[in-house]
Structures are given as structure tokens and as C-alpha cells.
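Since the structure comes first, as C-alpha cells, the remarks are kept for the end.
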Amino acid sequence: MRLVLLGAPGAGKGTQGELLALELGVPRIATGDLLREAMATGTPLGNAMREYVTRGELVPDEVVIGIVKERLEQSDAERGFILDGFPRTEAQAQGLENLLKELRRPLTAAVYLAVDPEDLMERLTQRRVCSQCGATYHLTGRPPKVAGRCDVCHAELIQRADDSAEVIKRRLEVYQAQTEPVLGFYERLGILRRVEGTGSPKEVLSRVKMVLKEGSV
């Protein structure tokens, strides 16, 4: 099973990617996590990435495609994979299509999680992440046991710079302009699967599994 998860920031791609990875026994490849790791280590690439992310802008295509290529060439991705956060533009989608043809591993489906913009804003402004292990919480939907502290490692919870209201608005504008055309790209290929992204993670997962089984567009 080789999947791409699509949706606006806050649509639940990360959560569904983790659940699907467990269900299918394949790795979830989150480009956002890879880039944040680079930023956390303070490498030259990471520092450059921080500027793009803080402004709510997309990372240059050649950088992201190169990172994805290296990851797909690792042995654990041979049996399948779930791409979360990539592709974000039609150019990236075409680049991924070319890469997968080269690797002879075509996509099974592109799953689009559809969520209303108002729900997205609420989800993202209420999100908090662990400053150490990266665990994610929601102040009202999935709060930590101890306010401001991670359940896993007890480190401080923080709001990501790109989760502020102003940056979120910019991120959604960027998504609207640059990422939504990706839906058309996969629709033309006949592999787009649309899923209602509201509800509990288990409810959304059930819908995803259903469209994958039925093959409905």
C-alpha cells in the first residue's frame, strides 16, 4: 500500500498517518518531521528551513523532493509507505510521480481529508507540542494530564511558531493557492479518494479504510 495523505494544515494528516502506518505495517514518512528535526539540530539547512516555516511558506521543491527520495530508498519503505505532508504543489506531485516511476512503485491512492476552514483554525490555535519529544496535544480535544507538561517525558509544551493565528491564516492562503491544485492532479490520475475529516480519529480512520477498500472517488 503506497499512499499520499492530502489536506490543509490541521486536517489530521499526522494522526491518520500514524494510525494507518500501524494498521498497514508500513512507515509513515512525514516531511514536516524531517524538516523540524533539521531545524532543531541547527544545521545550515535547518536554519534556512526555519525561515520558510515561520513565515508559513512552503519549502523549495528541490529540497523536499531530495529528502523524500532518500527516505523512499530506505529498506523499510520497500513494502509500502504513507507520505504525510508531501506533495504540497502540483510540481511536487509531478516530481513524485516521476520518482515513483523510476523506483517502479506507483501510488495506490491519494487520500484527501476534507475539513472546514473554521475547524482548521480552532484545531491549530489550540495545538501544543512537546519541546523535547514532539508529542502533540490539543488544549480542549486532547489536553495533557498536567497543564503545560508532556504526558510522555514531562517536558514543557509549547505553541509552534507556525500555529499562531496570523501565520495560520497565511498557511491556509498558501494552501488554497498552491496545494489544492494537487487534488486535480490526482483526480486526473484516477486515484484521488475524498474523506470527511471531522469526527474522532477512529471515525476518520474507518472512513479512510472504507474508501481504500471500495476504491470510490
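The values are calculated or read from the model by the stated rules, or taken from the named source; none is laboratory data. Predicted model only: the values in this text are computed from it and were never measured. Every residue, glycine among them, receives a Cβ derived from its backbone with ideal geometry; neighbour counts consider all protein chains shown.
Numbers for the structure displayed
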| quantity | calculated |
| --- | --- |
| Matching residues, the range 103-132, being part of a loop (DSSP other than H, G, I, E, B) and within 24 Å of Ala8 (Cα to Cα) | Pro106, Leu107, Thr108, Val115, Asp116, Gln126, Ser131 |
| Yes/no for Ala155 being within 23 Å of Gly95 (Cα to Cα), surrounded by fewer than 18 Cβ atoms within 10 Å (Cβ to Cβ) and either in contact (Cβ under 8 Å) with a residue 60 or more places away in the chain or hydrophobic (A, V, I, L, M, F, W, C) (or both) | no |
| Given (1) among the hydrophobic types (A, V, I, L, M, F, W, C); (2) within 24 Å of Leu34 (Cβ to Cβ); (3) touching a helix residue (DSSP H, G or I) at 6+ places or on another chain (Cβ under 9 Å), number of the condition Ala165 does not satisfy | (2) |
| Yes/no for Ala11 being of a type in the set (A, V, I, L, M) and exposed (fewer than 14 other Cβ atoms within 10 Å of the Cβ) | no |
| Residue in the range 177-188 that is farthest from the chain's Cα centre (by Cα), counting only those that are part of a helix (DSSP H, G or I) and without any contact (Cβ under 8 Å) to a residue 40 or more places away in the chain | Arg188 |
| Residue match in the range 7-26 (condition: within 22 Å of Glu166 (Cα to Cα), of a type in the set (A, V, I, L, M, F, W, C) and either in a helix (DSSP H, G or I) or modelled with pLDDT of 80 or more (or both)) | yes |
| Set Ala40, Ala77, Ala110: member being closer than 30 Å to Cys153 by Cα, in contact (Cβ under 8 Å) with a residue 24 or more places away in the chain and not hydroxyl-bearing (Ser, Thr, Tyr) | Ala77 |
| Residue tally, condition in a loop (DSSP other than H, G, I, E, B) and either over 22 Å from Cys133 (Cα atoms) or among the basic types (Lys, Arg) (or both), over the range 41-68 | 6 |
| Val53, sole failed condition from (1) crowded, with 18+ Cβ neighbours inside 10 Å; (2) modelled with pLDDT of 95 or more | (2) |
| Residue satisfying condition, being within 19 Å of Phe86 (Cβ to Cβ) and among the charged types (D, E, K, R), within set Arg160, Arg170, Arg128 | Arg160 |
| Single residue of Gln126, Gln132 found to be more than 18 Å from the chain's Cα centre (by Cα) and either at positive phi or of a type outside the set (Lys, Arg) (or both) | Gln132 |
| Residue list for the range 139-186, filter: of a type in the set (Asp, Glu), farther than 17 Å from Glu118 by Cβ and at pLDDT below 85 | Asp162, Glu180 |
| The listed residue being of a type in the set (Asp, Glu) and not in a helix (DSSP H, G or I), out of Asp151, Asp162 | Asp151 |
| Test: residue in the range 172-181 that is of a type in the set (S, T, N, Q) and farther than 23 Å from Glu57 by Cβ | no |
| Yes/no for Gln126 being surrounded by 14 or more Cβ atoms within 10 Å (Cβ to Cβ), of a type in the set (S, T, N, Q) and farther than 30 Å from Leu212 by Cα | yes |
